[in-house]
Amino acid sequence: MDDFSGQAILDSLADLSAGQVTGALVAVALAFFAVAGQERAVVQHLGLDIAPAAGGKAAVAAAAVSQTAGFGPLVGAIIRRKLVPGLSLGQSFAISLGMAIGFFTGLGLLALACFAVMPAMPYQGWARLLLALIGIGATGLALWPRPLLFGRRKPNLIVMARFLFWLGLDVTALGATLWILLPQHSSYGFLDLLPVFFIALGIGLASGSPGGAGPFEATLLTQSPEIEGSGLLAGIIAFRAIAYALPAILGAIWALVAPRVKSKPPIAPVALTRWLTEPALRALPCAEAQLVRQQELHLIALRDSSALWLSGALAHVRVMFGAPLTRGASAQQLATALGRLTRLARDEARLPCLYKATPRLAAAARAQGWTVLPVAKEAVLDPQTFSLAGAERARLRRKLAHARKGGITVQMATALPVAAMERVAQAWCNANHQERGFSMGRWSVDYVTGQRVFTAYTDTGELCAFVTFHAARDEWTLDLLRVVERCTDGTIYALICHALEHARAEGVSRLSLAAVPQPDLGLTGWKKRMAVRLTGRSTGLTQFKSAFAPRWEQRYIAAKGVVPLAIAALEIAVAIHRPSPHRADRIAPLRVAMRSLLKARQ
């Protein structure tokens with residue numbers, strides 16, 4: 001036991017050089033810098049609006065005090081709540097809980113990685129197999145189309161990667177702190193110490209004792225026989241002083257004296273409700289913005305901008321539709337909007353993406369280095385000048401003649417025949433497997449109540465088809481198109497022509513038949529052939545809309561790089577073809593929506 005005598009330990013402490021202490025302080029500072037990065041990843045996952053500077057300081061103070069005082073999640077939540085006034089105690093505790101879960105999970109993975117990659121480690125084959133299985137499972141879970149897990153949003157791969165990077169830097173810097181403080185004559189290598197340190201740290205923190213005191217030391221002492229006992233214990237004592245006691249004192253002082261400055265949130269989603277449908281949605285320049293009724297998309301106001309933008313949040317992608325909902329935006333305004341979108345996506349741990357972007361917005365994105373591809377063509381008509389005359393609409397005239405001959409009558413529905421529409425919608429779903437979602441409307445009574453609905457009846461008075469339009473002040477956009485099997489040829493054509501007549505009577509100058517996919521996506525070679533194969537089923541839709549001889553307007557998809565563009569396209573396709581459960585009945589109160597809008601414009 002001479003190795004552990006008090007005098008031997010004191011002598012080892014006295015032998016610490018100024019360079020060792022300075023190096024340890026630098027390593028500890030790096031570790032706490034990494035703690036702020038970990039918390040930022042958790043905050044992004046939870047979707048909380050905390051300024052990075054204020055959040056980073058609060059994260060460091062909370063970690064410094066809680067790791068030493070014990071009861072880490074609770075103590076950290078209280079300190080964080082004090083330093084970030086806009087945060088509730090529940091939100092702060094959620095951050096602490098996320099940090100704790102992520103820390104123990106990540107630390108276990110790092111320890112496993114040490115066993116898998118470092119030479120001469122036991123069970124190396126099993127460690128590699130287990131690490132590979134965990135990696136495949138985590139990736140599959142993150143990419144699974146359903147966004148929720150046990151009722152909570154799943155962390156995406158961006159959050160996982162960021163958290164694991166900062167965690168690795170954190171615990172590696174802490175391990176370096178201890179290694180630097182070991183006796184200078186020790187030949188114990190840093191890579192030899194690292195896996196032992198990871199295991200000791202995990203066991204110590206899992207024990208629940210303040211700072212893991214006791215189990216941490218015992219594990220190091222038993223698993224590091226190569227180091228002289230008194231020298232190792234002296235290094236641990238110095239490590240406790242520099243990595244725990246000193247940060248705890250500084251963190252407590254900061255928590256007591258730090259100014260309580262509330263920062264402005266960078267963005268604020270606006271949840272529009274059915275109560276805002278007529279006065280607000282119809283006043284917007286884009287009729288398709290009324291897709292927010294489904295609650296899959298929403299309108300957001302970017303910081304320092306009063307313009308709203310139709311947007312959707314997927315697992316790894318923040319999707320912005322069309323262009324900002326403002327008339328006559330300049331090139332500079334579009335460039336500024338792209339910069340704000342990039343910051344928003346970064347703050348959310350998502351990739352920014354433009355979908356169905358207008359040519360001007362696509363040009364602005366291309367000028368900033370985004371990867372841009374043509375994704376769709378929108379069929380547009382002018383009801384004020386539309387006519388059935390001309391050779392280009394000969395097929396349309398034949399279709400209308402078929403409908404008349406079949407005894408089809410069409411009208412604009414003033415009182416919705418809900419039961420009959422439900423039957424038609426269900427028949428359409430049965431024939432087409434399921435409705436699509438995200439950027440495409442889905443049938444529900446609440447959803448179509450705010451739309452213009454046109455119905456078609458057989459000569460026996462039975463409803464056989466209906467179409468709905470998003471109707472804004474100056475623009476209508478085709479949304480739902482539902483028809484029973486074996487419906488008379490030309491019925492849908494007759495419905496749309498009838499809608500054109502009503503739009504003309506109301507002075508509407510733009511009626512969109514919505515978009516059809518771009519067959520080749522602007523690609524060449526094998527990529528073009530694959531794109532054509534994937535979009536081949538849209539040929540019939542293109543032929544249908546071509547009968548009206550519309551003006552085709554190009555729409556684009558854009559992201560910041562080829563890989564982000566591929567990820568965005570995949571997630572959008574999954575969201576459309578495998579939509580989440582319908583949420584049209586989940587509508588927030590009017591006062592909540594208005595409060596969010598006012599907050600966004602402050």
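Derivation of every value follows stated rules applied to the coordinates shown; laboratory data play no part. Model, not experiment: these values are computed from the prediction. Methodologically, a virtual Cβ is constructed for each residue, glycine included, from the backbone with ideal geometry; neighbour enumeration extends over all protein chains shown.
Indicate the gyration tensor shape class of the chain (rounded, prolate or oblate), computed on the Cα atoms with a ≥ b ≥ c the square roots of the eigenvalues: a/c under 1.5 is rounded; otherwise a/b larger than b/c is prolate and the rest oblate. Verdict is prolate for the chain.
Under the shape rule built on the C-alpha gyration tensor, where the axes satisfy a ≥ b ≥ c, the range 22-257 is oblate, since a/c reaches at least 1.5 while a/b does not exceed b/c. Note on SER186 and ILE249: with the Förster distance fixed at 45 Å, the Cβ-Cβ geometry gives a FRET efficiency of about 0.95. Among the listed pairs LYS82/LYS154; LYS57/LYS82; LYS356/LYS545; LYS57/LYS560, a Cα-Cα separation exceeding 22 Å is found for LYS82/LYS154; LYS57/LYS560. Using the average count of surrounding beta-carbon atoms within 10 Å as a protection proxy, the listed peptides 543-554, 235-246 rank, highest first, as 235-246, 543-554. Estimated from helical segments only, the mean residue ellipticity of the chain at 222 nm is -17000 deg cm²/dmol, where each DSSP H run of four or more residues counts as -39500 (n - 2.57). For the range 63-85 versus the range 377-445, the inter-centroid distance based on Cα atoms is 60 Å.
If R0 is taken as 35 Å, the Cβ-Cβ distance between THR342 and LEU541 corresponds to a FRET efficiency of 0.60.
Candidate cross-link partners of LYS399 among the aspartates and glutamates, defined by an alpha-carbon separation under 12 Å and a same-chain spacing of 8 or more, comprise ASP489.
Peptides 208-214, 194-200, ordered by how many other C-beta atoms sit within 10 Å of their residues on average, highest first, read 194-200, 208-214.
Projected label points at TRP526 and TRP144, each 7 Å from Cα along the beta carbon direction, are separated by 3.3 nanometres. Using C-alpha pairs below 8 Å separated by at least 6 residues, the relative contact order for the chain is 17 percent. The modelled label-to-label distance between GLN368 and LEU74, using points 7 Å beyond Cα along the C-beta direction, is 4.6 nm.
May I ask for the angle, rounded to the nearest 10°, between helix 229-240 and the longest principal axis of the chain, with both axes built from Cα atoms and the value confined to 0 to 90°? Helix 229-240 and the main axis of the chain meet at about 50 degrees. Can you give the FRET efficiency to the nearest 0.05 for GLU501 and ILE136, using r as the Cβ-Cβ distance and R₀ = 56 Å? FRET efficiency, GLU501 to ILE136: 0.45. A dipole drawn for the range 330-401 from +1 and -1 charges on Cβ atoms has a positive end, and of PRO352, TRP370, LEU388 the residue lying farthest that way is LEU388.
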